[in-house]
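Structure record follows, encoded as structure tokens.
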Amino acid sequence: MSTTTRRCAGALLAVVLVTVAILLHGGQRVEAAAGVRVLPLGDSITDGFNVPGGYRIDLWQKVVAGGYTVDFVGSQANGPASLGDRDHEGHSGWRIDQIDANIVNWLNTYQPRTILLHIGTNDIFQNRDLPNAPNRLAALIDRITSTAPEAKLFVATIVPAGSASTDAQVRSFNAAIPQIVQTRANAGRQVYLVNMYAALTAADLADGVHPNATGYSKMATTWYNALLAVPGSLTDGGTTPTPTGTPSTPPTGGPTNPPTNPPTNPPAGCTATVSLNSWNGGFVATVRVTAGSAGTTGWTVDATLPSGTTITNAWNTQRSGSSGAVQFSNVSHNGRIAAGQSTEFGFQGTGSGAGLTPSCTAR
């Protein structure tokens, strides 16, 4: 190759490299500017052990299908082509204290609007001072909310464990989380509980620790529903985008003979359904409130607890009563539900929640 040819080739390569760098860097700027920054935060379950990308795969697809524009952020990156944004802050083997030691730097670097925190599994499997694990989680939450007070922090109970003895430790750790979250929410911090434990069973685990593909998909659904319940976690100013694609069950046409005098304000209405995660002597209930055709500005759920059952704590709701006839009402961030959409609250109790049939009244 002649000197002239080599120079031309070298110049062309330099132009190509510079162009690629500009495109990549420019693309990152556009993504960060256009999307709400979401920080998936935790350990190997956030990273996606067994299924690279983990829950982030289905969560990304749900967010896109819902018409939202987000930017997953973090210093780590992995996942398949179906995961449009592979950034995250999931660190295999890490405990609560290790996340806590790095969180300020990550928050200052990525400035997330929304944080998805699932941490504590390795504290249990590494037997790291388990009685104080909830205190470490509380300290981490305080550090996050102090460093990024405008961010919306979603704190998950951790997923089940495969062995009965370890799962008992998981339940003990999880039992402390609702009160940790509620105390800070009552103080005005933007902290929200996500009952991830109730979303999965041991059958959803690949190895007794990490979810399989089905388990990760269930995690994605649980995260997504929690995000939808908190205005502004996926959008600027809490506006609802137009979903992409078509619904899986398209609506049928209207009646052939519509009423001559349709009501001006159709009743809002709402329904409440409950899912239980029970063990000997206790349970966690997740209640989903779904708005009717006109949406809600507020809601109240009534239920009668079985004899001998007592509620010990609740989250994402205002509760009246702890046994017998009890009532739950919306809090400031989850009273307004668009037509056909849902929000969730939960409570923990002693005794049995079997046969619980809630009713919902919309405002």
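The values are calculated or read from the model by the stated rules, or taken from the named source; none is laboratory data. Values in this document were obtained by computation on a predicted structure and should not be read as measured data. Cβ sites come from the backbone with ideal geometry, for glycine too, and all protein chains shown count toward neighbours.
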Q: Considering each of Asp167, Asp123 in turn, give the residue that is without any contact (Cβ under 8 Å) to a residue 40 or more places away in the chain, acidic (Asp, Glu) and assigned to a helix (DSSP H, G or I).
A: Asp167
Q. Would a scan of the range 93-111 turn up a residue that is in contact with a Lys or Arg (Cβ under 7 Å, 6 or more places away or on another chain) and loosely packed, with under 14 Cβ neighbours inside 10 Å?
A. no
Q. Inside the range 41-74, can you point out the residues that are of a type in the set (S, T, N, Q) and either over 21 Å from Lys152 (Cβ atoms) or outside any loop (DSSP other than H, G, I, E, B) (or both)?
A. Ser44, Thr46, Asn50, Gln61
(Q) Restricting to the range 273-320, and then to whatever is at pLDDT 90 or above, of a type in the set (Ser, Thr, Tyr) and closer than 23 Å to Leu200 by Cα, can you tell me which residue is surrounded by the most Cβ atoms within 10 Å (Cβ to Cβ)? (A) Thr290
**Q.** In the range 302-329, the residues that are hydrophobic (A, V, I, L, M, F, W, C) and either in contact (Cβ under 8 Å) with a residue 60 or more places away in the chain or more than 17 Å from Thr273 (Cβ to Cβ) (or both)
**A.** Ile311, Ala314, Trp315, Ala325
Q.
Given (1) in contact (Cβ under 8 Å) with a residue 12 or more places away in the chain; (2) within 18 Å of Gly281 (Cβ to Cβ); (3) not in a loop (DSSP other than H, G, I, E, B), identify the lone condition not met by Pro160.
A. (3)
